[in-house]
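Input: a single structure, listed below in structure tokens.
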Amino acid sequence: MGDYTIGIVTLLAINCIAAMGVSLFTGFTGIFTLGHAGYMAIGAYTSTILIIKLGVPWMPAIIAGGLAAMFFAYLIGLPTLKLVGDYYTIASLGLGEAIRLVIENWESVTRGARGYPGIPHYTTAPVAVGFMAVLAVGMFFLINSNYGRAFKACRDDYVAASLLGFNTSRHRVFSLAISGFYCGVSGSLLAGFMSFIQPVMFDMAKSTELVSIVVFGGLGSMSGCLMGTLILTLVTEMFRPISQYRMLIYGLVLVLVMVLRPEGLMGANELGWDSLKRALSRAKALTRDTAARFGLAGVLIGIPVSYCFQPSSVRAISLAEYLSCIPSLMSGAVKFGAPLHKSVAPNAALAVVIACAICASFAWALGGIIKLVKKIDDSRAAGRGM
Amino acid sequence: MDACLELKGVNKSFGGIHAVRDMSFSVAEGELAGLIGPNGAGKTTIFNLVTGVYDVTGGEMEYKGANINRLKTYQVVALGIARTFQNLRLFAASSVLENVMTAAQYHHRYSFFEAVSHLGRWRGTERAIRDESMGLLERVGLADRAGQPAGTLPYGLQRRLEIARALSLKPSLLLLDEPAAGMNAEEVSTLNDLIVKIHEDFKLTILLIEHHMDMVMRICHRVVCMNFGALIAEGPPRDIQGHPEVLKAYLGEEE
């Protein structure tokens, strides 16, 4: 694995931790949040200051970052989660920005908008993946326990939940505190990964990114949120060569999932045998659908089409080499931080993906029209028969 | 017999609307009492007051001699009061079993660290919760539907599930809000048997809101009738059946 891949895996693990925190609070406890980047900022700055100013070793500093964010989340949750409704969501809107602005202006402690350089690079890939694995197991265990059932009960019907003996406001605050801990740890790891933090990294865009990952993966599905992180992070990385325009594709992917599958990738299901079986049977049903068949054919046609009309910057010799470009992007043929727009692989991969997508959508539409015509024909024939 | 639940001059108003006015009645320990009245009489409001969903405007409510006026809903549960809902409040997307387990865990606790590690008491406690819930589902005849999402059950079975869920809290006073609503005659009669049976087996005190008069008259020991938020008659079913005030409330004034 090349440095680039290792970098991606580390970033993926860090994002997963934050996304799990948001998933617990938004997906399982049912309260929208638009300020969780603020808790990441608290975690990041707490651990950075502990390490640089007080010389604390990085491991306890990461935990301390998580605990600081957790404590802060608890304080915020006490007044805003007492009532049922969107109070927390509204508060979180301002909260995330408020945390960022405090950090930006409290120069004596946080060095303000210039950011904090020189953080030791303690977040190696094994550290990040290790943290993610431990926290993921803990989270899966938690939602499969009486706490998980309590959170879900508060989400689905708080009146019924309180009449089953749950102190719903306490459960909401508790959920927020745990979610704050996850985001805090994620922020601390991010600080150690980037070696440099500045308030802008934890702005509104980061908060909305976290929520969109959770909605994309499916509210109420922890494995969905991990898959959402994986897909959305990879999509943005894969299209790095087209720099700013990749956010268009990021948006397109989000819109597509919300239109085709409003409940998110996984809905409220967890990845397991049952959901796999269900997906398989649905895929089988799809192969009998004319429009879907045309779409699949379009994907296959897209590969040679993109090869024939490949951009001039791609100088692939054979089709096989051309196709091998996609994995090479992931396997480290392209170095992290290298001037990517000059390299062959990402451009070829991009060309293949775009051509496949265009061909598939045209073919899908064509199949849909054919299906419609057939249906009209059938209904006419049926009309004559009568 | 001691009073299990006692209301003394309870009032509740929403703005200018008096939903309950000066309501006084009591339910004796071990009794199966009925609460009847025309639509909008304030029966469900009484349940909401007792369980702390609403705060009372005036008067006293006592449960086994202790005042419960100011208790929150989850504190009411701790005293041993459970209820079902007129317009079902099941967790529709969760399985039938999970619905009951969510309530049954009330009496089975383990710590947060046992929950995130699945060590210690987790395994044994989860098994106990599951077994207990399955037992209750068998009681109400839903054991073979345990894995199904609760929202996909037929209406009558959803009502039974609500009863099972309330029972898993191990209450001593059970408030049933129209358990037979939307059921046909056959379903009502099996529900009758179920209610009488759980009343005996779990040594419960039951207060029942119902519109099926034949059901109320057959199984209730005593009936409380209210109209426009106020008590109009109280007594054994036979007396209530012919009570002029009750007939007036249901059928209107005779010319």
Hey, does the stretch A:82-90 have a residue that's acidic (D, E), in contact (Cβ under 8 Å) with a residue 40 or more places away in the chain and closer than 27 Å to B:K72 by Cα? yes
Scanning the stretch B:80-91 for residues that are under 16 Å from the mean Cα position of the chain (by Cα) and not aliphatic (A, V, I, L, M), the one nearest to the other protein chains (Cβ to nearest Cβ) turns out to be B:R89
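What do you reckon, is B:E29 under 21 Å from B:L204 (Cβ atoms), more than 13 Å from chain A (Cβ to nearest Cβ), of a type outside the set (G, A, S) and in contact (Cβ under 8 Å) with a residue 24 or more places away in the chain? Walk me through how you get there before you give the answer.
Numbers: under 21 Å from B:L204 (Cβ atoms): yes; more than 13 Å from chain A (Cβ to nearest Cβ): yes; of a type outside the set (G, A, S): yes; in contact (Cβ under 8 Å) with a residue 24 or more places away in the chain: yes.
Against the criterion (under 21 Å from B:L204 (Cβ atoms), more than 13 Å from chain A (Cβ to nearest Cβ), of a type outside the set (G, A, S) and in contact (Cβ under 8 Å) with a residue 24 or more places away in the chain), B:E29 qualifies.
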Check on B:L88, over 20 Å from B:A164 (Cβ atoms) and in contact with a Phe, Trp or Tyr (Cβ under 9 Å, 6 or more places away or on another chain): no
Restricting to the stretch A:238-264, give me the number of residues that are surrounded by fewer than 19 Cβ atoms within 10 Å (Cβ to Cβ) and within 13 Å of the chain's Cα centre (by Cα). 4
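Looking only at residues that are under 21 Å from A:S169 (Cα atoms) and β-branched (V, I, T) in the stretch B:39-79, which one is farthest from the chain's Cα centre (by Cα)?
Only one residue tops the list, namely B:I68.
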I'd like the full set of residues that are at the interface with chain B (Cβ under 10 Å from one of its Cβ atoms) and surrounded by 18 or more Cβ atoms within 10 Å (Cβ to Cβ), limited to the stretch A:102-137. A:L135
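Inspect the stretch A:113-125 for any residue being assigned to a helix (DSSP H, G or I), in contact with a Phe, Trp or Tyr (Cβ under 9 Å, 6 or more places away or on another chain), assigned by TED's automatic domain parsing to the domain that holds A:L189 and not acidic (D, E) and give the result as yes or no. Break it down stepwise before answering.
Within the stretch A:113-125, the first condition is being assigned to a helix (DSSP H, G or I), and the residues that meet it are A:113-114, A:125.
Restricting the remaining residues to those that are in contact with a Phe, Trp or Tyr (Cβ under 9 Å, 6 or more places away or on another chain) gives none.
No, because not a single residue in the stretch A:113-125 is assigned to a helix (DSSP H, G or I), in contact with a Phe, Trp or Tyr (Cβ under 9 Å, 6 or more places away or on another chain), assigned by TED's automatic domain parsing to the domain that holds A:L189 and not acidic (D, E).
Residue-wise test of (1) more than 23 Å from the chain's Cα centre (by Cα); (2) surrounded by fewer than 17 Cβ atoms within 10 Å (Cβ to Cβ); (3) outside the structural domain of A:M204 (by TED's automatic domain parsing).
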position: A:C16; (1), (2), (3): no, no, no
position: A:G21; (1), (2), (3): no, no, no
position: A:F28; (1), (2), (3): no, no, no
position: A:I42; (1), (2), (3): no, no, no
position: A:T46; (1), (2), (3): yes, no, no
position: A:I49; (1), (2), (3): yes, no, no
position: A:A98; (1), (2), (3): yes, yes, no
May I ask you to list the residues in the stretch B:92-109 that are touching a Ser or Thr at 6+ places or on another chain (Cβ under 7 Å) and either assigned to a helix (DSSP H, G or I) or at the interface with chain A (Cβ under 7 Å from one of its Cβ atoms) (or both)? B:L97, B:V100, B:M101, B:A103, B:A104
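Considering each of B:L136, B:L169, B:L157 in turn, give the residue that is hydrophobic (A, V, I, L, M, F, W, C) and more than 14 Å from chain A (Cβ to nearest Cβ). Quick ask: steps written out before the conclusion?
Values: B:L136 fails: more than 14 Å from chain A (Cβ to nearest Cβ); B:L169 fails: more than 14 Å from chain A (Cβ to nearest Cβ).
One residue alone meets the criteria, B:L157.
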Some residue of the stretch B:129-141 being part of a loop (DSSP other than H, G, I, E, B) and among the small types (G, A, S): yes
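The values are calculated or read from the model by the stated rules, or taken from the named source; none is laboratory data. No experiment lies behind these values; they were computed from the predicted model shown. Here the Cβ is made from the backbone with ideal geometry for all residues, glycine too, and neighbour counts use every protein chain on show.
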